[in-house]
Amino acid sequence: MLKMSETTEIFVDIMSEQTATAAAKEIIEFDEAFTLHHRTVFRTARSVVQDCGLAEDVTQEVFIRLYKHMDSIKDTEMLRPWLIRVALNVARNTLRGNIRANTRDENYVKETVETSVFSVESEYEQQAEVNEINRALNKVKEPLRSCLVLKQQGLSYREIAESLSLNEASIGTFVARARQEFMRFYGKIGRDVL
């Protein structure tokens, strides 16, 4: 019986060695595949994407997929065609993704430029209108101009009178005269503004 136990131990040892050898062989096979086919995969990817950096990314992705699917490739003669096919597919997908991203970026830039052109034009128009208002307002004589400006800022007649040291009863008349002068200098648009 003792011999059977020794035989079992030897058998177990042999099996564990074979398992360890098989595991080591699998790692060596991937390393060998990488060493043998890296240049081919890179050239294939570069021929599609036309960019060395992008081709290197594609090559890395291809070998990651090889590592994940190493056990499904039984025939070593089919390894090279499999790698080339995967490299072509990944490279094409990368190009499609880049084209979509570039299209999105171009559309964003177009929208931004159109918006900025519109905002520049509207800002110019607003600035021109402000300049016209200031030009017309500067032609209105004092204290009428100050009364009008303070009234537009929301001050009451009493507050305007106190701040300008004028009679409160005359503030209404000053504001009305200032509006008339402003409209005369500014024109019809001034009536809508004030």
Problem - Intensity falloff of segment 93-156 expressed as log10 I(q)/I(0), Debye formula with alpha-carbon point scatterers, at q = 0.20, 0.21, 0.24 Å⁻¹ - result: -0.85, -0.88, -0.96
Problem - Computed Kirkwood radius, in angstrom, where 1/r is averaged over Cα pairs of segment 140-193 - result: 11.1
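Figure the gain on full extension for Ala128 and Met78 (residue separation times 0.36 nm, minus the Cα-Cα span) and round it to one decimal in nm.
Numbers: separation 50, 0.36 × 50 = 18.00 nm, distance 7.40 nm.
That works out to 10.6 nm of additional length.
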Practice task
Determine, for Ile73, Ile84, the number of other Cβ atoms within 10 Å of each Cβ, and report the residues in order from fewest to most.
Solution key: Ile73, Ile84
Problem - segment 137-154 residues near the modelled Ser163 label - backbone nitrogen below 12 Å, point 7 Å along Cα→Cβ - result: 146-154
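What does the charge count around Glu61 come to, taking other residues whose C-beta lies under 13 Å from its C-beta (Lys +1, Arg +1, Asp -1, Glu -1)? Could the numbers behind the result be given before it?
Working: positive: Arg65, Lys68, Arg92; negative: Glu56, Asp57.
Here the charged neighbours net out to +1.
Taking 8 Å as the Cα distance limit and 6 or more residues as the minimum spacing, I'd like the relative contact order of segment 140-193 as a percentage.
Values: 38 pairs, mean separation 20.2, N = 54.
Reported as a whole number, the value is 37 percent.
Based only on other Cβ atoms within 10 Å, what is the fewest-to-most ordering of Thr59, Thr40, Thr76? Please report the intermediate quantities before stating the final value.
Values: Thr59 25, Thr40 14, Thr76 11.
Result, fewest neighbours first: Thr76, Thr40, Thr59.
None of the figures in this text is laboratory data; all of them are computed from the coordinates on show. Quick caveat: nothing in here was measured; it's all calculated off a predicted structure. We place every Cβ from the backbone using ideal geometry, glycine too, and count neighbours over all the protein chains shown.
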